[in-house]
Amino acid sequence: MAGPRSFLLLPLLLLALAFAVQAERLPRLLGGLMEANENEEGVQKALGFALREFNKASNDMYHSRVSRVVRVRKQIVSGVKYYIEAELGRTTCTKSMANLESCPYHEDPTLQKHSVCEFVVYTVPWLGKTTLLKNECKDA
């Protein structure tokens, strides 16, 4: 048999459940990191920019290109910061060649090179401003 305390407990449990459900629907806070889809237009532009900057700064005679996107997050600030982790592979295209997207990766083990890179790209689209804030790579 339920006592008077049981009747008080039921509304409290329902209230806690309502708060938990509502918390799931709340949008992320401004400035908080959130997962991003690698196929989003902004992510693709940020990744392309990071890769161009990486290749410009590299002393390698060959271009590298993305072989796999590991993780992408974004942060809405006074623009958008994209936090991108990607695997890069060395291609057969030298830096004098264009059209990097169709360049195959080296098959010769002595010329293959794989890196895992972390890029942070800050963009203010309405000002046309994009900056590479972080470019750290490790051999895979």
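For a quick check: with amide H placed at 1.01 Å from N, whose amide H comes under 5 Å from Ala36's, ignoring anything fewer than 5 positions away on the same chain?
Result for Ala36 returns Val72, Arg73, Lys74.
Could you please state how large a percent of the accessible area of the range 84-140 is carbon and sulfur, counting protein chains only and using a 1.4 Å probe?
52 percent
Answer rounded, prolate or oblate for the range 88-140, using the Cα gyration tensor with square roots of eigenvalues a ≥ b ≥ c: rounded when a/c is under 1.5, else prolate when a/b is larger than b/c, else oblate.
It comes out oblate by the Cα gyration axes.
Can you figure out the FRET efficiency of Ser78 with Val116, using R₀ = 22 Å and their beta-carbon distance, to the nearest 0.05?
0.15
Relative to the present Cα-Cα distance, how much length would full extension add between Asn59 and Trp126 at 0.36 nm per residue of separation?
Full extension from Asn59 to Trp126 adds 20.8 nm.
Apply the Karplus parameterisation 6.51 cos²θ - 1.76 cosθ + 1.60, with θ equal to phi minus 60°, to every residue of the range 95-100 and state each ³J(HN,Hα) to the nearest whole Hz, in sequence, with x for glycine and proline.
5, 7, 8, 9, 6, 4
The values are calculated or read from the model by the stated rules, or taken from the named source; none is laboratory data. Remember, it's a predicted structure, so these values are computed and weren't measured experimentally. Here Cβ is always computed from backbone atoms with ideal geometry, including for glycine, and neighbour counts include all displayed protein chains. Please note that ligands, DNA and RNA were not included when accessible areas were found on the heavy atoms of the full protein model with its side chains. Shrake-Rupley method; radii C 1.70, N 1.55, O 1.52, S 1.80 Å.
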